[in-house]
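Written out below as structure tokens is the structure these notes cover.
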Amino acid sequence: QVQLVESGGGLVQAGGSLRLSCAASGSTSGISAFGWYRQAPDNQRELVASISRGGRTNYADFVKGRFTIAIDNDKNTVNLQMNSLKPEDTAVYYCNGGTYVSGRYYSTYPWGQGTQVTVSS
């Protein structure tokens, strides 16, 4: 069983930064990649960024150049550095374990509880 715990969310002004962390525990050896998702009210959950155990990264167009995902395999943690935040980045952010298939990230593990990010204008 795998547990994912997100932390680091909060309230920040537009243009500010936050660093989210995801700690994975349990049977994590089967996880070959991690993804950060977000879900705003009345919106579907969307993939923000993903990273493989080897450090290969992918970003959604709406965060390219502003967000950076990083992995520490020894600590089983995945961080999301978010800079130049915008009000439209306001959402609950979730970490997830999964895998890449043909270059595309798929989530395959249960979700964590998420962490709220609120960006004020």
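Conditions (1) under 12 Å from the mean Cα position of the chain (by Cα); (2) open to solvent by 60 Å² or more (accessible area, probe 1.4 Å); (3) farther than 20 Å from Gln3 by Cβ, marked per residue:
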site: Ser21; (1), (2), (3): yes, no, no
site: Asp61; (1), (2), (3): no, yes, yes
site: Trp111; (1), (2), (3): yes, yes, no
site: Thr115; (1), (2), (3): yes, no, no
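When the stretch 63-95 is examined, which residues are found to be of a type in the set (A, V, I, L, M, F, W, C) and under 14 Å from the mean Cα position of the chain (by Cα)? Residues satisfying the conditions are Val63, Phe67, Ile69, Ala70, Ile71, Val78, Leu80, Met82, Ala91, Val92, Cys95.
Do we have Gly103 as open to solvent by less than 30 Å² (accessible area, probe 1.4 Å) and under 28 Å from Ser27 (Cβ atoms) here? Here the answer is no, as Gly103 does not meet what is asked. Somewhere in the stretch 105-118, is a residue without any contact (Cβ under 8 Å) to a residue 60 or more places away in the chain and assigned to a strand (DSSP E or B)? Yes, the conditions are met somewhere in the stretch 105-118.
If the condition is being open to solvent by less than 50 Å² (accessible area, probe 1.4 Å) and not in a loop (DSSP other than H, G, I, E, B), then the stretch 31-44 contributes Ala33, Phe34, Gly35, Trp36, Tyr37, Arg38. Selection of first residues in the stretch 11-25 that are free of Cβ contacts under 8 Å to residues at least 60 places away in the same chain and of second residues that are assigned to a strand (DSSP E or B) and among the small types (Gly, Ala, Ser), restricted to Cβ pairs under 6 Å at least 6 apart or on distinct chains, gives the following pairs, ordered by first then second residue: Ser21/Ser7. Screening Leu85, Leu47 for residues that are of a type in the set (A, V, I, L, M) and either open to solvent by less than 30 Å² (accessible area, probe 1.4 Å) or outside any strand (DSSP E or B) (or both) leaves exactly one candidate, Leu85. Entry remark, the stretch 62-121: residues being among the aliphatic types (A, V, I, L, M) and either at pLDDT below 95 or in contact with a His (Cβ under 7 Å, 6 or more places away or on another chain) (or both) number 1 in total.
Which residues, counting only those in the stretch 59-97, are touching a Gly at 6+ places or on another chain (Cβ under 8 Å) and on the phi > 0 side of the Ramachandran plot? Once the filter is applied, which keeps residues that are touching a Gly at 6+ places or on another chain (Cβ under 8 Å) and on the phi > 0 side of the Ramachandran plot, the stretch 59-97 yields only Ser84.
The values are calculated or read from the model by the stated rules, or taken from the named source; none is laboratory data. Please read all numbers here as calculations on a predicted model, not as lab measurements. Cβ coordinates were reconstructed from backbone atoms using ideal geometry, including for glycine residues, and neighbour counts include every protein chain displayed. Just the protein is used for accessible areas: all its heavy atoms, side chains included, with ligands, DNA and RNA removed. Shrake-Rupley method; radii C 1.70, N 1.55, O 1.52, S 1.80 Å.
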